[in-house]
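Working notes, structure below.
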Amino acid sequence: MRRDIIGSVVAIVVLTLGFGLVYPLVMTGVAQGIFPNAADGSKVERDGKVVGSSLIGQDFRKPVLDKNGKPKVDADGKPVLEADPNWFQSRPSQSDYSANVTFFSNLGPNQKALADQAKANLDAYLALEHPYTPTLTAAGVPVDAVTTSASGVDPHISIDNARIQANRIAAVRKAPLARVLVLIRQHTDGRALGVLGEPGVNVLELNLALDKEFPLR
Amino acid sequence: MTWQGWLQILIYVAVLTALTPLLGGYMARVYMGRRVVVERALGPVERLFYRAVRTNPSREQNWKQYGTTVLVFSALFWLALYAILRLQGSLPFNPLRFGAAPWNVTFNTTSSFITNTNWQYYGGETTMSQLAQMAGLAVQNFVSAAVGMAVLAAVIRGFARRDTDRLGNFWVDLTRTLLYILLPLSIIGTLVLVSQGVVQTLTSSVDFTGLHGFAQSLALGPVASQIAIKQLGTNGGGFFNVNSAFPFENATQFSNFVEMLFILLIPAAATYQYGKMIGRQRQGWALYVAMLVMFAIGIGNAYFQETRATPALTAAGVHATVGHGSSLGNLQDKEQRFGIANTALWATATTDASNGSVNGSHEAFTGFGGLTPLTNLMTGEVIFGGVGSGLYGMLMLVVLTVFLGGLMVGRTPEYLGKKIQAREVKIVAIGTLYMPVVVLIAAALAIATPAGKKSIFDPGPQGFSETIYAYTSQVNNNGSAFAGYTGFVQPNAPGNKGAMGVTFADLLGGGAMLIGRFIPLLAALAVAGSLARKRPAPAGPGTFRTDSPIFLVLLIGVALVVAALSFLPALALGPIVQGLTHQLF
């Protein structure tokens with residue numbers, strides 16, 4: 001017993017130093033040396049300034065204005081937001097696209113709160129896209145467009161979702177639809193090795209490319 | 001369901017099966033004291049460590065001594081981890097100046113990481129300093145995993161040896177596990193993950209204005225080095241609150257595959273290691289097949305159910321199953337890049353193994369889909385199971401099955417030629433039946449008392465599912481959750497200011513994890529200690545073969561029947577009711 005205690009105390013100190021400091025610090029050094037950009041968060045720059053991470057989804061909504069042109073706020077004093085038609089929209093987020101305070105929505109399959117939220121998302125999507133895609137009905141709205149993701153910052157939307165939004169983007173940005181579809185294809189991350197995972201369109205990268213080619217006046 | 005989805009699941013199984021003999025053979029060499037490749041570099045470190053902890057590596061321990069060392073080591077490490085977590089506010093590597101979490105949450109967290117559970121009531125990026133993550137929690141990812149694997153090695157020796165009471169030297173098994181198995185695999189894993197975009201830096205956050213004018217703040221840290229071992233060691237405790245759903249913890253479809261593979265890699269390889277160490281490879285493969293069959297049932301159900309819509313989505317008018325692509329179905333709280341198949345696969349693997357990491361929310365699963373993770377937990381984490389603990393748990397079930405088989409044919413039960421007698425069967429009964437008893441009592445307390453109900457998030461039967469999941473997960477040292485269930489209330493401001501633990505849930509869960517770790521661990525060592533003394537009899541024509549299909553059917557039956565008898569009423573009140581109704585709550 002006494003031997004066990006002495007041995008354990010020494011082991012605790014040695015293992016904490018070895019696996020708690022030496023290992024992560026050496027790995028940090030090596031990772032920074034070999035994959036500097038990836039290790040630092042895959043940051044994306046525009047005009048020399050960081051505007052995001054290609055792995056982290058962003059908010060492309062805008063404040064809703066009231067009659068007097070002031071931003072509307074909800075009961076908690078937070079500004080009310082709606083999709084900005086000038087941009088491709090990310091998936092809805094339960095965390096307002098926070099990349100430093102993350103949580104799941106944790107709404108179960110039979111929760112009324114989930115039904116209400118999904119209904120609101122569906123109505124908003126139809127209201128936004130229907131004018132540009134007149135054939136669109138609830139049956140044509142992709143499921144990723146109306147459900148919140150797990151991370152709250154899902155960088156991707158489905159290809160179907162992007163193609164529907166393309167009609168709106170082409171109209172409001174006065175861009176040829178064919179060109180917008182090409183941009184979508186260019187910013188689609190396919191399955192890894194051709195088989196793993198699901199393809200998705202990277203919204204931030206797509207919007208960056210879009211804004212470069214067809215800037216807002 | 002799509003063929004692409006099934007193809008990915010098949011590839012996963014194929015790669016896992018191919019790696020099992022490779023890694024398993026290597027692990028057997030490590031525990032049989034043979035020289036392994038890495039020893040050339042790390043041999044001096046190994047020998048230095050033995051001198052530091054004052055052990056003679058050639059002196060072996062009997063089961064009581066081995067168990068005592070494990071308990072003393074774990075208890076003292078518990079105190080050390082508790083101290084680090086409580087003192088993080090005054091320690092270095094704390095760039096966001098987090099204060100400590102309250103005592104009750106810290107009790108839960110400490111117990112959670114010492115027991116290889118990694119149940120998390122806290123959100124990593126809003127609670128823990130980088131020092132607490134690296135030198136506190138991630139150390140336990142290595143150490144608690146290595147403790148389980150060391151104990152497994154000792155238990156296997158008990159099955160393999162004869163006429164002795166010696167099972168091995170804990171310090172030797174611990175050290176060789178850490179240096180020759182976990183460290184090399186973690187280094188490879190870290191580099192693969194970073195190459196995909198999982199971050200590894202000492203910077204804690206980057207603030208900027210996003211493309212559309214919204215401020216965003218990226219939480220960063222030494223993530224990849226922690227995530228590699230978190231997956232390998234069936235720990236599961238994420239750096240971030242949403243675990244491997246967060247892109248900085250699981251960046252791409254490829255990193256997702258690697259992380260999923262790491263969940264089952266070591267537990268699967270342990271079956272081959274077992275076959276090699278007892279000198280009967282077929283016995284090892286037999287256990288692998290039994291585990292794989294139960295795994296297949298789980299993924300089949302989870303994938304099928306998650307491609308369907310939930311009552312809530314249907315009520316909202318969402319057509320979840322119409323359209324192109326293979327991410328159709330219940331995509332709520334799931335990531336586009338993983339889709340349905342990979343989220344269902346992850347959920348199955350992580351609850352088969354006692355890993356508990358997630359790449360989507362289990363709470364948002366359909367009623368019947370949620371049955372897969374929950375029933376996986378309820379089989380006692382033996383479908384591959386935790387590193388070490390999974391196979392020694394399975395070996396206990398094997399002994400039980402042999403005993404039942406012996407009763408049926410009216411012969412003295414034998415396993416590997418050794419007689420299974422009253423003492424072993426008694427210990428095994430305690431080591432397997434304690435689990436449903438503790439789970440059901442804890443869940444009953446939590447659902448029936450006002451103090452327990454404070455932790456529930458969703459109203460209706462989902463709240464019951466949250467509760468039963470929480471205690472099943474903690475007793476079985478898994479760590480995944482229906483994550484609405486809470487034991488820690490954090491106000492908006494990060495940094496633990498004004499944060500409060502829910503004492504009832506924290507202490508009940510913490511206690512449950514400690515019981516769930518050490519009772520089966522000691523039971524397995526005790527059985528091994530008693531088997532090591534026995535002399536195997538040669539197999540005769542009447543011997544009940546334990547590598548035959550009929551035995552596997554019996555073994556799987558025992559695992560499922562024990563779980564079903566214990567938990568069916570509880571399941572009926574939660575997920576089954578939800579799966580059958582379209583009512584909203």
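Just so it is clear, none of the values below were taken in a lab; they were calculated from the coordinates. Nothing here was measured: the structure is a model prediction, and the numbers come from that model. We place every Cβ from the backbone using ideal geometry, glycine too, and count neighbours over all the protein chains shown.
Results, tabulated for the structure shown:
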{"item": "Square roots of five times the Cα gyration tensor eigenvalues for the range A:88-160, Å", "result": "22, 15, 9"}
{"item": "Shielding by partners - mean other protein chain Cβ count within 10 Å, residues of B:48-55", "result": "4"}
{"item": "q = 0.07, 0.10 Å⁻¹: log10 I(q)/I(0) that the Debye formula gives for the protein assembly as shown, counting C-alpha atoms only", "result": "-0.49, -0.99"}
{"item": "Alpha-carbon gyration tensor eigenvalues x 5, square-rooted, for the range B:427-531, Å", "result": "30, 16, 10"}
{"item": "Cα centroid separation, the range B:223-292 to the range B:440-483 (Å)", "result": "26"}
{"item": "Cα-based helix-to-principal-axis angle, A:159-172 vs chain A, degrees rounded to 10", "result": "50"}
{"item": "Ranked A:D96, B:D352, criterion: other C-beta atoms within 10 Å, fewest first", "result": "A:D96, B:D352"}
{"item": "Among B:V402, B:S389, B:A316 the positive-end extreme of the charge dipole of the range B:259-406 (Cβ point charges)", "result": "B:V402"}
{"item": "Test item: B:476-485 mean partner chain Cβ contacts at 10 Å", "result": "2"}
{"item": "Alpha-carbon spread of chain B, three principal axes, descending order, Å", "result": "75, 55, 46"}
{"item": "Computed FRET value (nearest 0.05) for B:L19 with B:L560, which takes r as the C-beta separation and R₀ as 25 Å", "result": "0.40"}
{"item": "Using alpha-carbon coordinates, inclination of helix A:177-186 to the longest axis of chain A, degrees", "result": "10"}
{"item": "Set of lysines with alpha-carbon distance to A:K72 below 27 Å, sequence-local pairs under 8 removed", "result": "A:K62, A:K112, A:K119"}
{"item": "From phi via Karplus (6.51, -1.76, 1.60), per-residue ³J(HN,Hα) for the range A:14-22 in Hz, x at Gly/Pro", "result": "5, 5, 5, 5, x, 8, x, 10, 4"}
{"item": "Total lysine pairs under 20 Å (Cα atoms) in chain B, excluding pairs fewer than 8 apart on one chain", "result": "8"}
{"item": "Span-rule helices in chain B, defined as complete DSSP H runs reaching 15 Å or more along the axis (Cα) with Kyte mean at least 1.6", "result": "B:183-196, B:389-409, B:422-448, B:549-571"}
{"item": "Alpha-carbon centroids, the range A:183-197 and the range A:72-134: separation in whole Å", "result": "26"}
{"item": "Chain A - charge dipole about Cα centre, Lys and Arg +1 at Cβ, Asp and Glu -1, debye rounded to 20", "result": "280"}
{"item": "q = 0.15, 0.26, 0.27 Å⁻¹, the range B:193-278: log10 I(q)/I(0) [Debye, one scatterer per Cα]", "result": "-0.62, -1.23, -1.28"}
{"item": "Placed amide H near B:S217: partners under 5 Å, 5+ positions off or other chain", "result": "A:A99, A:N100"}
{"item": "Distance from the range B:494-539 to the range B:98-134 (C-alpha centre basis), Å", "result": "19"}
{"item": "Over the range B:365-412, volume per residue of the alpha carbon convex hull, in Å³", "result": "78"}
{"item": "Kirkwood Rh and Cα Rg combined as Rg/Rh, the range B:372-466", "result": "1.13"}
{"item": "Cα-Cα pairs of the range B:452-585 separated by more than 22 Å (percent)", "result": "60"}
{"item": "Efficiency of FRET between B:R35 and A:V14 - r from beta-carbon atoms, R0 25 angstrom, step 0.05", "result": "0.60"}
{"item": "At 1.002 mPa s and 20 °C, Stokes D of the range B:68-120 from Kirkwood alpha-carbon radius, µm² per second", "result": "182"}
{"item": "Debye-sum result for the range A:43-213 in log10 I(q)/I(0), which assumes one identical scatterer on each alpha carbon, at q = 0.15 Å⁻¹", "result": "-0.93"}
{"item": "Chymotrypsin sites (Phe, Trp or Tyr not before Pro) within the range B:197-253: DSSP coil, no more than 14 neighbouring Cβ in 10 Å", "result": "none"}
{"item": "Dipole magnitude (debye, nearest 20) for the range B:5-155, charges at Cβ of Lys, Arg, Asp, Glu", "result": "500"}
{"item": "Cβ neighbours within 10 Å from other chains - mean over B:113-126", "result": "1"}
{"item": "Net dipole in debye of the protein assembly as shown [+1 Lys, Arg Cβ; -1 Asp, Glu Cβ; about Cα centre; nearest 20]", "result": "2420"}
{"item": "Rounded D (µm²/s) - the range B:152-235, Kirkwood Rh over Cα pairs, Stokes-Einstein at 4 °C, 1.567 mPa s", "result": "80"}
